[in-house]
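A short worksheet on the structure shown next.
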Amino acid sequence: MIKKCLFPVAGYGTRFLPATKSMPKEMLPVVNKPLVQYGVEEAIEAGMNTISFVTGRGKRAITDHFDISYELEHQIAGTGKEAYLDSIRDVLDEGVFTMVRQREMKGLGHAILTGEPLIGNEPFGVVLSDDLCFNEDGDGVLRQMTALYKQFRCSIVAIQEVPPEETHKYGVIAGVALKDGLYRVDDMVEKPKPEDAPSNLAIIGRYILTPDIFDILRATPPGKNGEVQITDALLQQAKTGCVMAYKFKGRRFDCGSVPGFVEATNYVYENIYSEPS
Ligand code: UTP
């Protein structure tokens, strides 16, 4: 039902400098796969086969990754090394890839609005690929969210509980619990201090958005840090319509930070990775 997924990948990735000076942070490998490929695989698992990147300068490696590399393919054709390309070949077989450039980094909300021509007038997923999510016991996070969308037909944000001293890193929601792990949002604050946070339920990098969000974003002034914040637009949508927050099943690693990235690498190596054969 939801066919498109937007990947805002235009950010600078300053927390990983100097590694990200000339390489996109989304291409940092967690064991043997770039971060962004994990996100794309999660979207495809959820039935979203059109993958739309909002890229920026210096991000060409991402779009090249989702294309054939003729010279490489030719070199390793017929050798045992071909197995190393299996996962990306599967992704290329199933996905269609589109992209638009965000010329100025005016924030995540602005990046999502920049993706409008690729999405059009339909509900869509959003993945921030520096949040790496796994659910070894069942459906991936986006697939869990699309199942909820079928029921509620409104925007949905994925949330997790965080320690109070970490609320300043996230958009934080307050809402009415409808059932275990599902809330109807009535307040949202971007990166609040612990004393200003309406709860400890933090938004992570998975969203389902209805297309009316674009008009709301167009009318949203720059907020925290002078950036157009998706949190501000979602609060507006919650006030005039409906936004749900969903405590997803599974684990999430903050790969935008060095400790989270290291934790994810160890987890993937021990639990997910297998040597291609
Ligand atoms: P972050 O806040 O993590 O920023 O952006 P960043 O630049 O990627 O990383 P740091 O903080 O400098 O280390 C959240 C997401 O929004 C995208 C980023 O690519 C990331 O996926 N983004 C942010 C854009 O695409 N455009 C923007 O203008 C801002």
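The values are calculated or read from the model by the stated rules, or taken from the named source; none is laboratory data. Keep in mind it's a predicted model, so treat the numbers as computed, not measured. As a convention, Cβ positions derive from the backbone with ideal geometry for all residues, glycine included, and neighbour counts pool all protein chains shown. For the accessible areas, the whole protein counts, side chains as well, though only heavy atoms, and no ligand, DNA or RNA atoms are used. Shrake-Rupley method; radii C 1.70, N 1.55, O 1.52, S 1.80 Å.
Our helix-only sum for the chain, with -39,500 (n - 2.57) per DSSP H run of n ≥ 4 divided by its residues, gives a mean residue ellipticity at 222 nm of -8500 deg cm²/dmol. For segment 120-206, the fraction of C-alpha pairs farther apart than 19 angstrom is 44 percent. Summed over the residues of segment 72-161 and divided among them, the accessible surface reaches 50 Å² per residue at a probe radius of 1.4 Å. Return the single residue from GLY241, GLY115, GLY205 with maximal mean-square fluctuation; model: Gaussian network over the chain, springs between Cα atoms under 10 Å. Judging by the Gaussian network model, the answer is GLY241. Only Lys, Arg, Asp and Glu carry charge here, each on its Cβ (+1 for the first two, -1 for the last two); on that basis segment 1-128 has a dipole of about 780 debye about its Cα centre.
Shown here is the pair-distance distribution of segment 174-240: with all Cα-Cα distances grouped in 5 Å bins from zero up to the longest one, the shares run 3, 15, 25, 27, 20, 8, 2, 0 percent. Overall, the accessible surface of the chain at a probe of 1.4 angstrom is composed of carbon and sulfur to the extent of 49 percent. Among the trypsin sites (Lys or Arg not before Pro) within segment 1-87, those in coil by DSSP and having at most 12 neighbouring Cβ atoms inside 10 Å are LYS21, ARG57. Note on GLU82 and LYS193: their simple-model spin labels are 6.2 nm apart, each label 7 Å out from Cα toward Cβ.
Dipole check for the chain: with +1 at the C-beta of Lys and Arg, -1 at the C-beta of Asp and Glu, and the Cα centre as origin, the magnitude is about 740 Debye. In the elastic network of the chain, a GNM with C-alpha springs shorter than 10 Å, the most mobile of ALA202, ALA245, ALA147 is ALA147.
A 1.4 Å probe, protein heavy atoms only, puts the accessible area of ARG218 near 130 Å². Axis of helix 141-152 versus longest Cα principal axis of the chain: the two differ by about 40°, to the nearest ten degrees. Summarising the strand pairing of segment 133-259, around 80 percent of its internal DSSP beta bridges are antiparallel. Relative contact order of the chain, please, whole-number percent, based on alpha carbon pairs below 8 angstrom and at least 6 residues apart. Reported as a whole number, the value is 23 percent.
Below 13 angstrom from the Cβ of TYR84, what's the summed charge of the other residues (Lys, Arg +1; Asp, Glu -1)? Charge balance in the 13 Å sphere: -2.
The angle between the Cα long axis of helix 258-271 and the main principal axis of the chain comes to about 60°, on a 0 to 90 degree scale. Only aspartates and glutamates eight or more places from LYS249 in sequence, or on another chain, were considered; those with a Cα closer than 19 Å are GLU41, GLU42, GLU45, ASP130, ASP131, GLU136, ASP137, ASP139, GLU161, ASP180, GLU263. Summarising the amide proton neighbourhood of ASP212: residues at separation of 5 or more, or on other chains, whose placed amide H is nearer than 5 Å comprise an empty set. One way to sum up the overall shape of segment 1-153 is the equivalent ellipsoid from its Cα gyration tensor, whose semi-axes run 25, 21, 15 Å, largest first. Relative to the dominant Cα principal axis of the chain, helix 230-240 is inclined by about 50°. Isolated cysteines of the chain, defined as having no other cysteine beta carbon under 4.7 Å away, are CYS5, CYS133, CYS255. Note on the chain: GNM, Cα springs under 10 Å; of PRO194, PRO18, PRO222, the largest mean-square fluctuation is that of PRO18. Rounded to the nearest angstrom and listed largest first, the equivalent-ellipsoid semi-axes of the chain from its Cα gyration tensor are 30, 20, 19.
Across segment 221-241, the residues whose backbone nitrogen lies under 17 Å from the label position 7 Å along the beta-carbon direction of ARG153 are 241.
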